[in-house]
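Only one structure is covered here, and it is reproduced in the block below.
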Amino acid sequence: MYKKVRGMRDIYGEEVEYFKYISEIAENIFSLYGYNKIIVPIIEKTELFQRGVGEDTDVVEKEMYSFQDKSGRNITLRPEGTAGVVRSYIENGQHKADPVQKYYYIGPMFRYEKPQKGRYRQFFQIGVEVFGIKSPLIDVEIIYMLIQFLKELGLDNLKVNLNNMGCGKCRKKYIKKLKKYMFKHKSALCDTCQRRLESNPLRILDCKKCGKKQFIKNTPRIIDNLCDSCLEFNEKLMNYIEEFKIPYSIDHSLVRGLDYYTNTVFEIIAEDLDSSQNQIVGGGRYNDLVSTLGGVERPGLGFAFGFDRLVDLVMEKELEIKDKKPSVFIAWYLNDKNELLKFANKLRSDGIKIDFKYKQVNFSNQLRYADKNNFDYVIFYGEKEMKSEDIHIKNMKSGEEKNIKFKNLKKFIK
Ligand code: HAM
């Protein structure tokens, strides 16, 4: 017997129903806000992520599934969606033609992380990327849209954490200051952060081990080191946040694990999930990424949520799938299977979800099957019913059984 590769998982049964349900809601809401779906490849050139996400990030340094194809090209299974969408935006000439583009995507991402519940090596993201808009109004609108989506799913107990990482210019100055400060406390840093001091000092701020220490809490804050235009941007952003009534907390240690962010960064934490995998959404602005990857200067921003974590959360909270189509099982006893097929197809063409057993077995066996497989209704269909206008139906949840007119069936099972 073959087993799946470590960190991968099979998704089936009820969980798949939740995946379908959640993506339907996401797609509906995103399209209400003017987003169009984009499908980009799962594999890209390794260089795209090295340059886009950043060589010194954990994702690029340790977690990528990179290999050479048969022609010796260095390719990588995408660890995240933003870099590929930016590549497509540039490659297809959108950055010059119509700079404002609003996309969403759904698909698998791959990171070689230590597998555990809520953390997989192949996981799914639903993401959004917007290009060409400088105003902080869009930063707030995408957070608002996200909250609307999560509310629609019935989720609460969520925390929006916000920070501003400044632009390339003010961040450079800030990093200098940060390094100077951290060098003074070098011996108190964990081994990873001692290394990060040179390669990626910002990440020291969100280190789980060092973050609790007092000297980290007293670190100079990015927000106090913003240049004038970043300050102005931040002020406008905070006004919009108040106007949209977005519940938020400022988290000065929020720096995100990918290098492309400028100004707004945010994440949403589900307080009902275990703390090691409770970040369900991460996002922010990336004003320099389009030009870094070879396009003209165009601002961008977006977010992605961890689909697997969201499904876990919705299922753990036993939130029901709204407007679920009822499923109907035909318990049949007929001499001619063709009649069964004709009957089933007539109902299906009426939009009713129908299934039955392909082999003829007794009614009680068929009922047991329908019960075990969570059908909502069972219709009994035999030689007598075939000739009648009436139909005998059982509601599997309430146990109620009755005869109804065939023509009223659709209304009855709504
Ligand atoms: P990220 O924070 O690296 O951001 O990932 C987004 C979300 O993907 C996380 O909040 C988490 O829910 C989920 N996730 C990450 N790794 C795993 C894993 N191994 N297993 C399960 N879920 C996981 C990005 O990827 C950015 N591209 C988001 C973005 C879009 N920023 C701007 N635009």
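The values are calculated or read from the model by the stated rules, or taken from the named source; none is laboratory data. Please read these numbers as outputs of a predicted model, since none were measured by experiment. So basically every Cβ, Gly included, is an ideal-geometry build from the backbone, and we count neighbours across all protein chains shown. The area values use the complete protein model at the heavy-atom level, side chains included, leaving out ligands, DNA and RNA. Shrake-Rupley method; radii C 1.70, N 1.55, O 1.52, S 1.80 Å.
With axes computed from alpha carbons, what is the tilt in degrees of helix 337-349 against the longest principal axis of the chain, rounded to the nearest 10 within 0 to 90? Between the helix axis and the principal axis of the chain, the angle is about 50 degrees. To the nearest 10, the accessible area of residue 316 is 100 Å² with a 1.4 Å probe. What shape does segment 1-85 have by the C-alpha gyration tensor, where a ≥ b ≥ c are the square roots of the eigenvalues, rounded means a/c under 1.5, and otherwise prolate means a/b greater than b/c and oblate the rest? Oblate shape, in that a/c is at least 1.5 and b/c is the bigger or equal ratio. Over the Cα atoms of the chain, the radius of gyration divided by the Kirkwood radius equals 1.09; this is the Rg/Rh ratio. Lysine pairs in segment 1-154 whose alpha-carbon atoms fall under 19 angstrom of each other, counting only those eight or more residues apart or on distinct chains, come to 12.
Separation of segment 1-76 and segment 305-366, taken as the distance between their Cα centroids, equals 31 angstrom. Remark on residue 264: its backbone amide H falls under 5 Å from those of 165, 285, a criterion applied only to residues 5 or more positions apart or on other chains, H modelled at 1.01 Å from N.
For residue 390, the residues 5 or more places off, or on other chains, whose built amide H falls under 5 Å of its own are 406.
Remark: for residue pairs 317/359; 337/397; 173/236, the C-alpha separation exceeds 32 Å in 317/359. Backbone amide hydrogens, once placed in the peptide plane, bring residue 124 within less than 5 Å of 109, 307, 308, excluding anything fewer than 5 places away on its chain. Here the Karplus relation 6.51 cos²θ - 1.76 cosθ + 1.60, evaluated at θ = phi - 60°, turns the backbone of segment 34-48 into coupling constants of x, 8, 10, 6, 10, 10, 10, x, 7, 10, 9, 5, 3, 4, 4 Hz, with x for every Gly and Pro. Positive contributions from Lys and Arg (+1) and negative ones from Asp and Glu (-1), summed over other residues with Cβ under 10 Å from the Cβ of residue 190, come out at +4. For the chain, leaving out every one of the chymotrypsin sites (Phe, Trp or Tyr not before Pro) that falls in a DSSP loop and has at most 11 other Cβ atoms within 10 Å, the longest unbroken run is 13-357. Label-to-label distance for residue 5 and residue 317 is 3.4 nm, based on points extended 7 Å past Cα in the beta-carbon direction.
Shape verdict for segment 327-412, please, from the Cα gyration tensor: rounded (a/c under 1.5), prolate (a/b greater than b/c) or oblate. Each step should come with its number before you reach the end.
Details: a/c = 1.33, a/b = 1.03, b/c = 1.29.
Rounded shape, in that the Cα axes give a/c under 1.5.
Converting phi to 3J(HN,Hα) with the Karplus coefficients 6.51, -1.76 and 1.60 and the offset θ = phi - 60°, segment 293-301 yields 8, x, x, 7, 5, 9, x, x, 6 Hz in sequence order, with x at every glycine or proline.
Each residue of segment 402-414 is assigned a 3J(HN,Hα), and the resulting list reads 7, 9, 9, 6, 3, 5, 9, 4, 4, 5, 5, 8, 4 Hz, derived from the Karplus form 6.51 cos²θ - 1.76 cosθ + 1.60 (θ = phi - 60°), x at Gly and Pro.
Taking the Cα centre of each part, how many Å lie between segment 115-187 and segment 221-267? Between the Cα centre of segment 115-187 and that of segment 221-267, the gap is 9 Å.
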